[in-house]
1. Being in contact with a strand residue (DSSP E or B) (Cβ under 9 Å, 6 or more places away or on another chain), closer than 30 Å to Leu9 by Cβ and hydrophobic (A, V, I, L, M, F, W, C) is the filter here; which residues of the range 42-63 pass it?
2. In this structure, does Arg116 turn out to be within 16 Å of ligand 3 (Cβ to nearest atom), modelled with pLDDT of 95 or more and either out of contact with any strand residue (DSSP E or B) (no Cβ under 6 Å at 6 or more places or on another chain) or basic (Lys, Arg) (or both)?
3. Residues in the range 42-57: is at least one under 26 Å from Leu251 (Cα atoms) and either away from ligand 3 (no atom under 16 Å from the Cβ) or surrounded by 14 or more Cβ atoms within 10 Å (Cβ to Cβ) (or both)?
4. I'm trying to understand the selection: among the residues of the range 130-151, which are part of a loop (DSSP other than H, G, I, E, B) and surrounded by 14 or more Cβ atoms within 10 Å (Cβ to Cβ)?
5. Of everything in the range 172-189, what is in contact with an Asp or Glu (Cβ under 9 Å, 6 or more places away or on another chain) and surrounded by 22 or more Cβ atoms within 10 Å (Cβ to Cβ)? Give them in sequence order.
6. For the range 239-269, which residues satisfy the criterion of being within 16 Å of ligand 2 (Cβ to nearest atom), more than 14 Å from Ser176 (Cα to Cα) and among the aliphatic types (A, V, I, L, M)?
Amino acid sequence: MAVARSTELRLDRLTRAPVVVTGARQNRPNRPTGGCPFCPGGLESPEPYEVRWFPNRWPPLDKDRAEVLLYSPEHGLALWQLGVAGVRRVVDLWVDRSVALGGRPGVAYVLLFENRGAEVGATIDHPHGQAYAFSEVPQAPLRELTLGRCALCDPPAERTIVSQKGLWRAWCPEASAWPYELRVAPASHTQSLPALGDDEKEALAVVLVDALARLDQLFDAPMPYMLWWHQRPTDDGEWPLAHLHAHVAPLLRAPGTPRFVAAGELGSGVFFNPVVPEDAAAKLRGLPGA
Ligand SMILES: [Zn+2]
Ligand SMILES: [Zn+2]
Ligand SMILES: [Zn+2]
């Protein structure tokens with residue numbers, strides 16, 4: 001049987017969708033045995049740390065282009081539970097990895113993201129995210145970068161806003177594909193995490209802590225989510241439309257009830273959202289937050 005030893009980028013001949021085939025990753029453990037490898041003293045973090053990064057041991061991309069980012073030495077906390085000071089350290093780590101990976105020759109795009117919760121495939125319950133460094137700008141950000149004008153410079157409707165601080169806002173986009181979906185962005189046309197000033201980083205930490213706390217308060221249970229950052233590519237392009245923002249896609253549409261992407265949606269490319277985004281925003285706004 002042919003097993004892909006490393007990673008290979010293929011294009012589907014029908015859909016033209018790019019797929020990275022990572023045969024070797026099938027051998028990775030679903031859950032590590034023994035102690036948590038991310039806790040201080042563990043396999044991936046022998047020394048004490050506040051935040052830390054290291055190359056992914058089971059890389060989905062070649063050449064150390066996939067990293068694990070540890071948000072905190074404390075096991076079992078959510079990102080928002082690190083508080084503003086803790087999240088501020090995570091923001092600095094995101095900036096650091098954006099600069100370091102984006103500065104490498106041949107890296108066109110740094111994608112920072114987090115899968116939170118076993119339901120979305122997080123195999124270790126220790127606060128962490130990841131970074132992928134792509135040699136080309138991937139399709140999802142590229143689509144947004146080639147729209148013709150910056151959609152994020154238009155302020156979101158007041159009734160969709162969940163949380164704000166300084167120039168930063170978190171809101172439920174009017175055409176959210178996911179129930180309780182959040183978009184997080186500064187009002188200013190800041191292009192990347194490294195371009196943020198100190199005050200803006202602080203305000204980002206405040207908004208993230210507050211908005212993500214509300215997701216956990218919504219059903220009084222930890223909300224599994226996928227979070228990813230979109231920022232300016234790191235190739236030589238101009239990219240005038242790059243406007244830093246995060247997408248947050250929560251998994252649950254009701255307590256204990258996941259939102260599955262269904263055949264009608266994949267078959268049509270049209271999403272069906274059972275929660276009216278303006279109602280989602282009102283509900284999230286009404287919670288205590290952090
Ligand atoms: Zn741990
Ligand atoms: Zn803009
Ligand atoms: Zn985006």
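The values are calculated or read from the model by the stated rules, or taken from the named source; none is laboratory data. Everything numeric here is computed off the predicted structure, so don't read it as measured data. Positions of Cβ are generated from backbone atoms using ideal geometry, with glycine treated the same way; all protein chains shown enter the neighbour counts.
1. Those that are in contact with a strand residue (DSSP E or B) (Cβ under 9 Å, 6 or more places away or on another chain), closer than 30 Å to Leu9 by Cβ and hydrophobic (A, V, I, L, M, F, W, C): Trp53, Phe54, Trp58, Leu61.
2. Values: within 16 Å of ligand 3 (Cβ to nearest atom): no; modelled with pLDDT of 95 or more: yes; either out of contact with any strand residue (DSSP E or B) (no Cβ under 6 Å at 6 or more places or on another chain) or basic (Lys, Arg) (or both): yes.
Spelling it out, it is not the case that Arg116 is within 16 Å of ligand 3 (Cβ to nearest atom), modelled with pLDDT of 95 or more and either out of contact with any strand residue (DSSP E or B) (no Cβ under 6 Å at 6 or more places or on another chain) or basic (Lys, Arg) (or both).
3. Within the range 42-57, the subset under 26 Å from Leu251 (Cα atoms) is 56.
If we keep only those that are either away from ligand 3 (no atom under 16 Å from the Cβ) or surrounded by 14 or more Cβ atoms within 10 Å (Cβ to Cβ) (or both) as well, we get 56.
Within the range 42-57 (the criterion being under 26 Å from Leu251 (Cα atoms) and either away from ligand 3 (no atom under 16 Å from the Cβ) or surrounded by 14 or more Cβ atoms within 10 Å (Cβ to Cβ) (or both)), the answer is yes, since at least one residue qualifies.
4. Keep residues of the range 130-151 that are part of a loop (DSSP other than H, G, I, E, B), which gives 135-138, 146-150.
Once the filter is applied, which keeps residues that are part of a loop (DSSP other than H, G, I, E, B) and surrounded by 14 or more Cβ atoms within 10 Å (Cβ to Cβ), the range 130-151 yields Ser135, Glu136, Val137, Pro138, Cys150.
5. To start, the set of residues in the range 172-189 that are in contact with an Asp or Glu (Cβ under 9 Å, 6 or more places away or on another chain) comprises 172-174, 177, 186, 188.
Correct list: Cys172 only.
6. So the first thing to find is which residues in the range 239-269 are within 16 Å of ligand 2 (Cβ to nearest atom), and the list is 239-247.
Next cut, more than 14 Å from Ser176 (Cα to Cα) only: 239-245.
Result: Leu241, Ala242, Leu244.
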